[in-house]
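First up is the structure itself, then whatever we jot down about it.
The values are calculated or read from the model by the stated rules, or taken from the named source; none is laboratory data. Note that the coordinates shown come from a computational prediction; the quantities given were computed from them, not determined experimentally. Here the Cβ positions follow ideal geometry from the backbone for every residue, glycine too, while neighbour counts run over all protein chains shown.
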């Protein structure tokens, strides 16, 4: 009797422990043991059936537990894959996106801190108030961009935290009046305002046909369209302030096509207010702009300096134009403006060359104002990816102007790149000349600028 009880007890222990660890074969070890005990008479047929049922129950429960554990692991792994992850890409900042890529957000920042020293002499050789050293935060940008609902619906917001200086009366000010009394007045703020730079929605499903709506750069002048934080020199050439139209509110159709990478040709067609950043249209007309570019050996990014040390020669040639139908709500006081321009850019093994030519005319009542200008610059990395030298020349000539006659710029540059354009130091220096009409007065300036740039 004792042996019988001992055999049954061992069997139950084996069933409880071994059934979990074993797989589910057609005939298990425990099943064969039960059959052996029954054949030897240790257990009868009824006990064999009960213990066999017990074995099957344990195996079923173990199988359910194992499958449940596997499913939990699969769901955990899936949640880990589908959950938002923080990524970082140079120039784009920190990013998050859903697993299906239909929603994405990138947050980045850009900073340019500058020191300028000018020695400005007038026609008589006398210094004026501009011959002073000056520290400034030239630009401090915050950028939000990504896509929503589909990968091809893109958006971008860009703010300059160091915009223009606040002007005018910004609030009351208590003034001492004597005898303990006070009066009220006003004060002028010297703070720099936060300005909206870019704000647009873009449809980019097909490279040959894309749409953009909001505020962004007018497609005129390669140097203006290029990212100023990725310029060779501390700032754009003097021609940019005269000929480029900057950012405007409007609508644009654009795209690229041709070639292996669909980048042989570029085109841009747009209509804009024509009044400047964050300005409503103040007349019956709009500004219309168009640009066409040809990249026979592949596209060149809208940046400057060959930080990538391009192995294959690249060249981009473009023509562009704009017309501003500016009637001022008056047929007798029109200020229609048109401009045409051409530009070229070349990159090869550390060399980067770019040049632009512009012709602009303002059709104003009584007389037209015409101005032409050009700039050219060449840079080369003495140490690939790290140390660059460059030269720039620029010139502007005004015709029929009552005041200005010409402006010149001749600059040299030394720059060190710690992480391409994303972290660099620049020093440019040279001469800038501003001549009044008939050379009545000339302002000739020697200038040095040092700038630190950070992009993340």
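Conditions (1) outside any helix (DSSP H, G or I); (2) at pLDDT 75 or above, marked per residue:
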site: 46; (1), (2): no, yes
site: 52; (1), (2): no, yes
site: 57; (1), (2): no, yes
site: 63; (1), (2): no, no
site: 77; (1), (2): no, no
site: 80; (1), (2): no, no
site: 84; (1), (2): yes, no
site: 91; (1), (2): yes, yes
site: 94; (1), (2): yes, yes
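Anything in the range 335-351 that is surrounded by fewer than 19 Cβ atoms within 10 Å (Cβ to Cβ) and over 24 Å from residue 322 (Cα atoms)? List them, or say none. So that I can check it myself, show each step before the final result.
Step one: of the range 335-351, the residues surrounded by fewer than 19 Cβ atoms within 10 Å (Cβ to Cβ) are 335-336, 338, 340, 342, 344, 348-349, 351.
Within the range 335-351, 348, 349, 351 qualify.
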Quiz item: Which ones in the range 420-436 are farther than 20 Å from residue 385 by Cβ and in contact with a helix residue (DSSP H, G or I) (Cβ under 8 Å, 6 or more places away or on another chain)?
Solution: 432
Practice problem: Being outside any strand (DSSP E or B) and out of contact with any strand residue (DSSP E or B) (no Cβ under 8 Å at 6 or more places or on another chain) is the filter here, so list the residues in the range 406-437 that pass it. | Solution: 420
Quiz item: Restricting the search to the range 141-162, which residues are surrounded by fewer than 18 Cβ atoms within 10 Å (Cβ to Cβ) and under 16 Å from residue 228 (Cβ atoms)?
Solution: 142, 159, 161
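Sort out which residues of the range 400-432 are closer than 30 Å to residue 363 by Cβ and either under 34 Å from the mean Cα position of the chain (by Cα) or modelled with pLDDT under 85 (or both), and write them in order of number. Before you say what the answer is, go through the steps one by one.
Looking only at the range 400-432, we keep the residues that are closer than 30 Å to residue 363 by Cβ, and these are 400-409, 432.
Answer for the range 400-432, where residues must be closer than 30 Å to residue 363 by Cβ and either under 34 Å from the mean Cα position of the chain (by Cα) or modelled with pLDDT under 85 (or both): 400, 401, 402, 403, 404, 405, 407, 408, 409, 432.
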Practice problem: Please give the number of the condition residue 358 fails out of (1) part of a strand (DSSP E or B); (2) under 26 Å from the mean Cα position of the chain (by Cα); (3) in contact (Cβ under 8 Å) with a residue 60 or more places away in the chain. | Solution: (2)
Practice problem: Go through 201, 193 for me and flag whichever is farther than 30 Å from residue 267 by Cβ and modelled with pLDDT of 80 or more. | Solution: 193
Quiz item: What is the residue count in the range 361-400 for residues that are part of a strand (DSSP E or B) and surrounded by fewer than 16 Cβ atoms within 10 Å (Cβ to Cβ)?
Solution: 9
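Could you grab me the full set of residues in the range 289-307 that are surrounded by fewer than 20 Cβ atoms within 10 Å (Cβ to Cβ) and touching a residue at least 40 places away in the same chain (Cβ under 8 Å)? Before the answer, list the steps.
If we filter the range 289-307 for residues that are surrounded by fewer than 20 Cβ atoms within 10 Å (Cβ to Cβ), which is where we start, we get 290, 292, 294, 296-299, 301-302.
Result: 290, 299, 302.
How many residues, within the range 232-244, are in a loop (DSSP other than H, G, I, E, B) and buried (at least 21 other Cβ atoms within 10 Å of the Cβ)? Lay out the reasoning, then the answer.
The first filter runs over the range 232-244 and keeps only residues in a loop (DSSP other than H, G, I, E, B), leaving 232-237, 244.
From what is left, the residues that are buried (at least 21 other Cβ atoms within 10 Å of the Cβ) are 232-234, 237, 244.
The number of residues fulfilling the criteria is 5.
Quick one: in the range 275-288, which of the residues that are free of Cβ contacts under 8 Å to residues at least 60 places away in the same chain and within 27 Å of the chain's Cα centre (by Cα) is surrounded by the fewest Cβ atoms within 10 Å (Cβ to Cβ)?
Here the residue is 280.
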